[in-house]
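J.: Attaching a single structure in structure tokens format; questions to follow.
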Amino acid sequence: MAAAIFYLLCFLLIGDSVAARLPLPNRRSVAADSGHFLLYYAPFDDVTQHIQVVRDFSGQGNTGSLGFTTGKEDSDPTVYLNGKKGQGLLFDGVDDKVVVPHTPTLWFADASFTISLHFRWDGVLRSHSNYQMLIAKHSSYATKEWTVYLNITTTGSPTVIFDLYNDYSSTEHKLEVPNSGITPHKYYHVLAVYNRPAAKMLLYLNSNQIGMKSVDYHSKAKTDVAMVIGAYCTADSLNGQHTRGYFKGVIDEVKIYLGVLDPQIY
């Protein structure tokens, strides 16, 4: 009875096509965080350099790995004890990444969604544009869904960018916030939101709204591109084996929700 009631709420709030993709044994767990539907949660607290699996604590089974495989390799981020909340992962800006294979629950369809994470940028300003991905479900020049990243230049502080793509990238919606105030070696919380009923993209930094754009976004083109933390897939590698756009610094407490999360929660 409880499962049936919960499914009905899913249907009313986020649509039948999305609700149907939530695994039945885990539907209770996705509603446990502030009334939203948690699709992915990686606190990184149980990861070690010997245990390469990155567990998903949302209950949705979106298990990933340090680097491309669960074996030790150069592209493994370093376990970092002084994350924002407990342990985090330190990315070297050269080849480090976390790869989460595509599952149906990571496709948002036409639902509202929220991407949340903490990061510490340890880089330097560059003489040319330098894209450093925080998280992406995106493949260059091929299959594109969404990205959240920094653009590092010599003028001002890094630009924060939230990108959405309609129907295999036929339309790109980019929300850019230049001179964000981000400085090296300091933790920040970023929240990237698409509010479907309001048709708006929103960016928050440390609970303060820093950007908004009116967008009629429809993610109807289902893709199989992997979700990558700290990089994004190249055009010839939807599974995350080959990547670029590497982030330099610490990433911690990565969460993805269906629904619009209140930025004041963090």
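J.: Across the range 211-227, which residue is farthest from the chain's Cα centre (by Cα) among those that are exposed (fewer than 15 other Cβ atoms within 10 Å of the Cβ) and not in a strand (DSSP E or B)?
T.: If we take residues in the range 211-227 being exposed (fewer than 15 other Cβ atoms within 10 Å of the Cβ) and not in a strand (DSSP E or B), then ASP216 is farthest from the chain's Cα centre (by Cα).
J.: Then there is this: I'd like to verify a number: residues in the range 84-106 that are under 17 Å from the mean Cα position of the chain (by Cα) and assigned to a loop (DSSP other than H, G, I, E, B), how many?
T.: Total meeting the criteria: 6.
J.: Same structure, new question: If you scan the range 228-247, which residues turn out to be charged (D, E, K, R) and not in a loop (DSSP other than H, G, I, E, B)?
T.: The answer is ARG244, and nothing else.
J.: Those residues that are within 16 Å of SER75 (Cβ to Cβ) and part of a loop (DSSP other than H, G, I, E, B), I need them from the range 51-63; list them, please. Full working, then the answer.
T.: Within the range 51-63, the subset within 16 Å of SER75 (Cβ to Cβ) is 52-54.
Listed by number, the list holds a single entry, GLN52.
J.: Could you list, ordered by first residue, the pairs with Cβ atoms under 8 Å in which the first is in the range 205-218 and farther than 14 Å from HIS118 by Cα and the second is small (Gly, Ala, Ser) and surrounded by 14 or more Cβ atoms within 10 Å (Cβ to Cβ), at least 6 apart or interchain?
T.: Here the result reads ILE210/SER180, each pair linking the range 205-218 to a residue that is small (Gly, Ala, Ser) and surrounded by 14 or more Cβ atoms within 10 Å (Cβ to Cβ).
J.: List the pairs whose first member sits in the range 177-196 and is over 28 Å from LEU258 (Cα atoms) and part of a loop (DSSP other than H, G, I, E, B), whose second member is open to solvent by 60 Å² or more (accessible area, probe 1.4 Å) and at pLDDT below 95, and whose Cβ atoms are under 9 Å apart, counting only residues at least 6 apart or on separate chains?
T.: ASN179/THR155; PRO184/VAL124
J.: Looking only at the range 81-96, count how many residues are open to solvent by less than 10 Å² (accessible area, probe 1.4 Å) and not hydrophobic (A, V, I, L, M, F, W, C).
T.: Residues of the range 81-96 that are open to solvent by less than 10 Å² (accessible area, probe 1.4 Å), as a first pass: 88-89, 91, 96.
Okay, now just the ones that are also not hydrophobic (A, V, I, L, M, F, W, C), so 88, 96.
Of the residues in that region, 2 qualify.
The values are calculated or read from the model by the stated rules, or taken from the named source; none is laboratory data. Note that the coordinates shown come from a computational prediction; the quantities given were computed from them, not determined experimentally. Glycine gets a Cβ as well: all are built from the backbone with ideal geometry, and neighbour counts include every protein chain shown. What goes into the accessible areas is simple: the full protein's heavy atoms, side chains included, and nothing from ligands, DNA or RNA. Shrake-Rupley method; radii C 1.70, N 1.55, O 1.52, S 1.80 Å.
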